[in-house]
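Enquirer: Please find one structure pasted underneath; my questions will follow.
The values are calculated or read from the model by the stated rules, or taken from the named source; none is laboratory data. Predicted, not measured: the structure shown is a model, and the values here were computed from it. All Cβ positions, glycine included, derive from the backbone under ideal geometry; neighbour counts span all protein chains shown. The protein model used for the area step is the full one, side chains on, heavy atoms only, and it has no ligands, DNA or RNA in it. Shrake-Rupley method; radii C 1.70, N 1.55, O 1.52, S 1.80 Å.
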Amino acid sequence: MAKKRFMTLSRHILEGERMHPGATGELSALLDQLGMAAKLISLEVNKAGLVDILGFTGSENVHGEKVKKLDIFANDVLIKAMDHGGHFCVMASEEEEEIIHIPSQHQVGKYVLLFDPLDGSSNIDANISIGTIFSIYKRVTPDGTPGTLDDCLQPGYKQEAAGYVVYGSSTILVYTTGHHGVHGFTLDPAFGEFLLSHEDIKIPSRGRIYSANEGNYLKWPQGLKNYIKYLQAHTFDEKPYQARYVGSMVADLHRTLLYGGIFMYPGDMRNPKGKLRLMYECNPMAFIIETAGGRAIDGKKRILDLQPERLHEKTPVYMGSPEDVDLLEKFLREAE
Ligand code: AHM
Ligand code: MG
């Protein structure tokens, strides 16, 4: 218990590194830096209602959506915190149309960073949880040269690390390197440190909660409609299924990770690829969910096996407790 109380994010990352005798410490250093950026974003998110930072900037992001100032702030913080450490050769963000090059005055490293700086930002004005998502790969182009799009377009199973930060009733950072489990750290605002609060998270094998935007029900694939009807007519552990949908992927998946169940953002008749982006939303979340014992599919294939073609491409996604995803998959298959 005492050990847990004093396990900061930095110490945890370092101890993870020591389990790999050949590790250079670079991954630890950059994860630590990401934790620092998350603290800065958290501070700003927490005072969003107090300062004149809310409201539209008048510009749109690469997807034609209105961008709020906090998105830009979070994007800037991440770029500025991560571009000069010598760890990355290239970065990419949901808020930037093109890849982000490392400025020429800084060293380039062997890692690649993709991130969604502030996901669910349409929820900001209502004080609903939002989050940051990140995904880390090793470069595929030669060391010492500027990174390229090829470094970014790698399938998710090649991720070296992934994580998210949820700015909710408290700020929690969850990360994994794929080897030593999934761990969550709660930010102590007085202490200014992320402290280990959720050690070695394992997703329940089955849950009672399904999470999707049911407003789109009529446009959904028939198999998914059948699945939802099935859940509504059945019980789990003698209790009815529950629907929960925050509309912030990070919050919905954080709950799914802890309580079990299934999160879904399907493709539909109008948007066959759904809404969520493969590279910096679905892949990192799928890596975390799988490492915690869950499953993540696009309806047919494993999310982490998808070969990306474009930086901002979207994919349908179903992820969560393994038995729930198995059942959903069966319904999708049967309706084909
Ligand atoms: P954003 O990246 O523009 O914030 O949008 C992504 C968000 C996710 O957090 C969430 O799961 C989804 O959009 C909700 O979409 P919808 O309003 O269609 O249900
Ligand atoms: Mg997003």
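Enquirer: Being under 29 Å from Q159 (Cα atoms), open to solvent by less than 30 Å² (accessible area, probe 1.4 Å) and under 19 Å from the mean Cα position of the chain (by Cα) is the requirement here; does T186 meet it?
Expert: Numbers: under 29 Å from Q159 (Cα atoms): yes; open to solvent by less than 30 Å² (accessible area, probe 1.4 Å): no; under 19 Å from the mean Cα position of the chain (by Cα): yes.
Answer is no for this residue.
Enquirer: Give me a count of the residues in the range 88-107 that are crowded, with 17+ Cβ neighbours inside 10 Å and modelled with pLDDT under 95.
Expert: Going through the range 88-107 one residue at a time, the tally reaches 0.
Enquirer: Sticking with this one: For the range 114-122, check the following and say yes or no: at least one residue is in contact with a helix residue (DSSP H, G or I) (Cβ under 6 Å, 6 or more places away or on another chain), within 16 Å of ligand 2 (Cβ to nearest atom), at pLDDT below 95 and in the same structural domain as L40 (by TED's automatic domain parsing). Show your work before the answer.
Expert: Here is the first cut: in the range 114-122, the residues in contact with a helix residue (DSSP H, G or I) (Cβ under 6 Å, 6 or more places away or on another chain) are 114-119, 121.
Of the ones still in play, those that are also within 16 Å of ligand 2 (Cβ to nearest atom) are 114-119, 121.
With at pLDDT below 95 added as a condition, the list becomes 121.
Still in the running and in the same structural domain as L40 (by TED's automatic domain parsing): 121.
Among the residues of the range 114-122, at least one is in contact with a helix residue (DSSP H, G or I) (Cβ under 6 Å, 6 or more places away or on another chain), within 16 Å of ligand 2 (Cβ to nearest atom), at pLDDT below 95 and in the same structural domain as L40 (by TED's automatic domain parsing), which makes the answer yes.
Enquirer: Also, I was wondering about something else. Cβ-Cβ under 6 Å, sequence separation 6+ or interchain: first residue in the range 23-46 and assigned by TED's automatic domain parsing to the domain that holds A162, partner part of a loop (DSSP other than H, G, I, E, B). Which pairs?
Expert: Filtered contacts from the range 23-46: E26/H87; L30/H87; Q33/G85.
Enquirer: Further, regarding this structure: Just to verify a result, which residue in the range 117-143, among those that are among the hydroxyl-bearing types (S, T, Y) and within 13 Å of ligand 1 (Cβ to nearest atom), is surrounded by the fewest Cβ atoms within 10 Å (Cβ to Cβ)? Reasoning before the result, please.
Expert: Taking the range 117-143 first, the residues among the hydroxyl-bearing types (S, T, Y) are 121-122, 129, 132, 135, 137, 141.
Then keep just the ones that are within 13 Å of ligand 1 (Cβ to nearest atom); that gives 121-122, 129, 132.
Numbers: S121: 25, S122: 13, S129: 21, T132: 28.
So, considering only residues that are among the hydroxyl-bearing types (S, T, Y) and within 13 Å of ligand 1 (Cβ to nearest atom), the one surrounded by the fewest Cβ atoms within 10 Å (Cβ to Cβ) is S122.
Enquirer: Could you tell me which numbered condition V174 fails, if it satisfies all but one of (1) over 15 Å from the mean Cα position of the chain (by Cα); (2) within 22 Å of A38 (Cβ to Cβ)?
Expert: (1)
Enquirer: A further question follows. The conditions are (1) of a type in the set (D, E, K, R); (2) crowded, with 17+ Cβ neighbours inside 10 Å; (3) within 30 Å of S42 (Cβ to Cβ), and R208 fails exactly one of them. Which is it?
Expert: (3)
Enquirer: Every residue in the range 250-278 that is within 12 Å of ligand 1 (Cβ to nearest atom), surrounded by 21 or more Cβ atoms within 10 Å (Cβ to Cβ) and among the hydrophobic types (A, V, I, L, M, F, W, C), please.
Expert: Result: V250, A251, L253, F263, M264.
Enquirer: Restricting to the range 282-322, what's the tally of residues that are open to solvent by 50 Å² or more (accessible area, probe 1.4 Å), within 13 Å of F263 (Cα to Cα) and assigned to a helix (DSSP H, G or I)?
Expert: So the answer is 0.
Enquirer: Let me ask another. I'm trying to understand the selection: among the residues of the range 274-301, which are away from ligand 2 (no atom under 16 Å from the Cβ) and touching a residue at least 24 places away in the same chain (Cβ under 8 Å)?
Expert: Filtering the range 274-301 down to residues away from ligand 2 (no atom under 16 Å from the Cβ) leaves 287, 289-301.
Hits for the range 274-301 are F287, I289, T291, A292, G293, G294, R295, A296, I297, G299, K300.
Enquirer: Out of (1) touching a helix residue (DSSP H, G or I) at 6+ places or on another chain (Cβ under 9 Å); (2) within 15 Å of S211 (Cα to Cα), the odd one out for Y259 is which?
Expert: (1)
Enquirer: Away from ligand 1 (no atom under 13 Å from the Cβ) and either farther than 19 Å from Q159 by Cβ or not assigned by TED's automatic domain parsing to the domain that holds G178 (or both): does that describe A81? Reasoning before the result, please.
Expert: On the way: away from ligand 1 (no atom under 13 Å from the Cβ): yes; either farther than 19 Å from Q159 by Cβ or not assigned by TED's automatic domain parsing to the domain that holds G178 (or both): yes.
Considered against the rule, which asks whether it is away from ligand 1 (no atom under 13 Å from the Cβ) and either farther than 19 Å from Q159 by Cβ or not assigned by TED's automatic domain parsing to the domain that holds G178 (or both), A81 comes out as yes.
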